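So the structure is just underneath, and the comments pick up after that.
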Amino acid sequence: MPEEPGLDDNAPLFAQVAQRLSEQVAEGQLAEGGRAPSANELAAFHRINPATAAKGLNVLIDEGLLEKRRGLGMFVAPGARKRLLDARREQFAARYVAPMVAEAGRLGMDLDEVVLLVRRSADVALGPRASRKT
Amino acid sequence: MTQTISCHGVARRYGSHLAVDQVSFEVHGPSVTGLLGRNGAGKTTLLRLLAGQELPSAGQVRVLGGDPAGADALARQIVLVREDQAFPDFKVGDALRAAGWSYPRWDHKLADALVSDFDLPSSRQVKKLSRGMRSALGIVIGLAAQAPVTLFDEPYAGLDATARRLFYDRLLADYTEHPRTVVVSTHLIDEIADLLERVLVIDRGHIALDAPADGLRGSATAVSGPAPAVAVFVSGRTTWEHRTVGPLASATVADMLDATDQARARQLHLSVAPLSLQEVLVHATRPDRAHQAERVGS
Amino acid sequence: MRTWLSVARYHLLQRLNYLVLPWAVLAFAFAVNLAIFASLHASGAGTGGSRYYTGSVATIFIFWFIAGLLTTTRSLPFGLALGVTRRTYYLGSVGLGTALAVAYGLGLTLLQVIERASSGWGLNMHFFRVPYILDGPWYLTWLSAFVGLALLYCYAMWFGLVYRRWDLLGLLSFIAVQVVVIGAGALAATWSHGWHSIDHFFTTISAAGLTGVLAGITAALVVGGLSTVRRLTV
């Protein structure tokens, strides 16, 4: 599996499967109430053992992000997206801000420089109007 | 899950050479188990014992509750694809026909599809096939037999990377559709690592490791960077290896690093990389290792 | 029973060995003999009305021995890989050899009948008739041919198994043991002045009786092979 920020390559395979699926839900690629891939489909796609794929799905079922509907298959639970985004929001500071600040410190940059860079980046990514909100 | 394969104190001696010694383990089906080990470790002998083609010098081999060499009803539930299978003087098509008569669940359609996938010439004499083609023939038989216990002994001899990929894909597809007990012996571990649920490592005739594959992947981490930082990071941890070159050092810790560890590593300017299953197992079977069986609960 | 059939079918995939070559080899021997006899007649030498026996019918028996050997050598590894026990493989192979022996014996008998009817193929050549052994009423010929073929086949099977299990050394020992046993038997016969009885036995026994003895030996050979195959490894 390719490296992405936040994807824990170190984790067991089933955890990686769960993580990837939850990202797809968080980013809206898997719609709430919509069908989620089955264990067999995931296994074929990622070329892994179906039992591993099933374990990954179970992690998400246990967290209430997916639900199994008898006879129909695996579906994304309502409210799953919001819950995932909320969780990511909480981790935002630890995952992105703290390392950024630490690295800035290592490079001897001051806070103003960092904020300027953040604004510039926001201009590009979110559009000029968004960064002027604050 | 039922106990599909079980060995108790199994040994096989050839003259003064003990190919398999005091081997005990259980495989519960349906599952895919990797039988890993170095050349000459005893993988082939063990698989032959499971298939009833070899008879143990000591101990008990039980497959599906019975002696695999004992009864026809049991023998036809087991298929072993051997790297060195000797065939009589007949054609590829004859070999497949014979297999079709012998295995009650033989899937003709799958056999035909696989023959086409691997480009096997049905009318050619088996003895005239290249190494890779013979392996392909073995794979076709092994998969199309649909035997409840399917054993592969290094089935990829002579197959190029593309053909191997084809094998893994077809194995996965068929296993998904018809789950059964599969044991594959290989030393191309990383290629098949993601398909394995369980790993049995055999080293010099003994079981050196018997663990779920999940627990092994990434169970060790390579840490590298400035030597002092590495030393700080690995202190207090089980370390397998520690090498230095000038101001840099690289060490392997027998741990999976969690988020805190990783953050700490970043702070110390260390780069970390989880060991692949193959790397973990190379360590488990290194020549100077003592004979201790590590068994991890599933 | 079903598994024996699949073993038989497996062997029959090698049509050449089991169905074609025995007769091809025999036909060749027959043709050669015929050519020799025809040229003798043509050159005017003739046979003076007496019958000549060639004995070359042995070729099919020799080839059937080879067929038995192949069963437990070349064909065995894959045969055992096809989900049958050693016992089934062995008995299935014996069954095939025996069944074909019945059929081939009948074939030889029919050819003998034709030979008799045609006065030795018009040349007074007796290929399919061997005095005392393949002689007398047709059913005795059939029986003798069948038992002869079956015995050689089973004997060869055992040889093959001994070689597979114990390699060349084992094979040599196997032969040595047989030589010793026969030699010891001969020695015992001489010391006990038993040659008379043995001689008497062989001269008074009928062809049918001899066939019975051979059948008994064949059965013993089958048991011997079975004991060797039990712990054979592939």
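Taken together, the values in this text are just the output of simple stated rules run on the coordinates, not laboratory data. In this text the structure is predicted, and so the values were computed from the model without any measurement. In this analysis, Cβ positions are derived from the backbone assuming ideal geometry, glycine residues included, and neighbour counts consider all displayed protein chains.
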Item to complete: Starting from the Cα gyration tensor of region C:145-232, take the square roots of the eigenvalues, sort them a ≥ b ≥ c, and report rounded, prolate or oblate (rounded when a/c is under 1.5, otherwise prolate if a/b is larger than b/c, else oblate).
Response: oblate
Response to the item:
PRE zone check, label point 7 Å out along Cα-to-Cβ of B:VAL282, amide N under 14 Å, scope region B:199-222, hits B:221-222
Worksheet entry | Potential extension, B:GLU241-B:LYS128 segment - 0.36 nm per residue separation minus Cα distance | 35.9 nm
Worksheet entry | Simple Cβ-charge dipole of region A:91-131, Lys/Arg +1 and Asp/Glu -1, about Cα centre, in debye nearest 20 | 180 debye
Worksheet entry | Average beta carbon contacts from partner chains per residue of B:197-207, 10 Å cutoff | 1
Worksheet item: So what are the radius of gyration and Dmax for the Cα set of region B:47-93, in Å?
Response: 12.5, 39
Discussion item. Taking a cut-off of 29 Å, what percent of all Cα-Cα pairs in region B:1-159 are separated by more than that?
Written reply: 21 percent
Worksheet item: What's the extension gain from B:THR260 to B:ALA273 if we count 0.36 nm per residue and subtract their Cα-Cα distance?
Response: 3.2 nm
Item to complete: May I ask you to derive the FRET efficiency for B:SER57 and C:VAL223 from their Cβ-Cβ distance with R0 = 25 Å, giving the value to the nearest 0.05?
Response: 0.45
Fill in: Compactness relative to 2.2 N^0.38 Å, alpha carbon Rg of region B:118-175
1.09
Practice prompt. Could you tell me the largest-minus-smallest coordinate of the C-alpha atoms of region C:2-229 on each of the three principal axes, in descending order and whole angstroms?
Written response: 60, 52, 31
Discussion item. I'd like the mean, over residues of A:44-54, of how many other protein chain beta carbons sit within 10 Å of each residue's own Cβ.
Written reply: 5
Fill in: Long-range tail of P(r) for chain A (Cα pairs > 27 Å, %)
35 percent
Worksheet item: Which residue, chosen from A:ASN40, A:LEU65, A:ALA26, occupies the Cα position most advanced towards the positive end of the dipole of region A:13-78, where the dipole is computed from +1 (Lys, Arg) and -1 (Asp, Glu) charges on Cβ about the Cα centre?
Response: A:ASN40
Discussion item. Give me a comma-separated list of calculated 3J(HN,Hα) values for region B:95-105, in order, Karplus coefficients 6.51, -1.76, 1.60 applied at θ = phi - 60°, integers in Hz, x for any Gly or Pro.
Written reply: 4, 5, 4, 4, 5, x, 6, 7, 9, x, 9
Response to the item:
dims of region B:168-298, Cα set, principal axes, largest to smallest, nearest Å -> 52, 32, 26
Practice prompt. Would you mind pulling out the separation of the Cα centroids of region B:216-265 and region B:75-140, in Å?
Written response: 48 Å
Worksheet entry | Radius, Kirkwood style, for region C:151-196 when every pair of distinct Cα atoms is counted (Å) | 11.9 Å
Worksheet entry | Shielding by partners - mean other protein chain Cβ count within 10 Å, residues of C:169-180 | 0
Item to complete: Label region A:91-131 by shape, choosing from rounded, prolate and oblate, from the square roots a ≥ b ≥ c of the eigenvalues of the Cα gyration tensor; if a/c is under 1.5 it is rounded, and otherwise prolate applies when a/b is larger than b/c, oblate when it is not.
Response: oblate
Worksheet item: So how do B:ARG82, A:ARG35 line up by other beta-carbon neighbours within 10 Å, fewest first?
Response: A:ARG35, B:ARG82
Worksheet, complete the sentence: Tilt, helix C:138-191 to longest principal axis of chain C (alpha-carbon atoms), in degrees rounded to tens, equals 50 degrees
Worksheet item: Over the Cα atoms of region A:13-78, how large are the radius of gyration and the largest Cα-Cα distance (Dmax), in Å?
Response: 10.6, 29
Discussion item. Distances longer than 36 Å among the Cα atoms of chain B: what percent of all pairs is that?
Written reply: 25 percent
Practice prompt. Would you calculate a helix-derived [θ] at 222 nm for chain C, using -39,500 (n - 2.57) for each DSSP H run of n ≥ 4 and dividing by the full residue count, to the nearest 500?
Written response: -25500 deg cm²/dmol
Discussion item. If neighbour count is taken as other Cβ atoms inside 10 Å, put B:LEU196, B:LEU270, C:LEU16 in order from fewest to most.
Written reply: C:LEU16, B:LEU270, B:LEU196
Worksheet item: What is the Cα coordinate range of the protein assembly as shown on the first, second and third principal axes, sorted by size from largest, in whole angstrom?
Response: 131, 52, 48
Worksheet item: Based on the alpha carbon coordinates of region C:112-171, what radius of gyration and maximum Cα-Cα distance (Dmax) apply, in Å?
Response: 17.4, 51
Response to the item:
Given 20 °C, 1.002 mPa s and a Kirkwood radius over Cα pairs, the Stokes-Einstein diffusion coefficient of region B:1-72 in µm²/s is 171 µm²/s
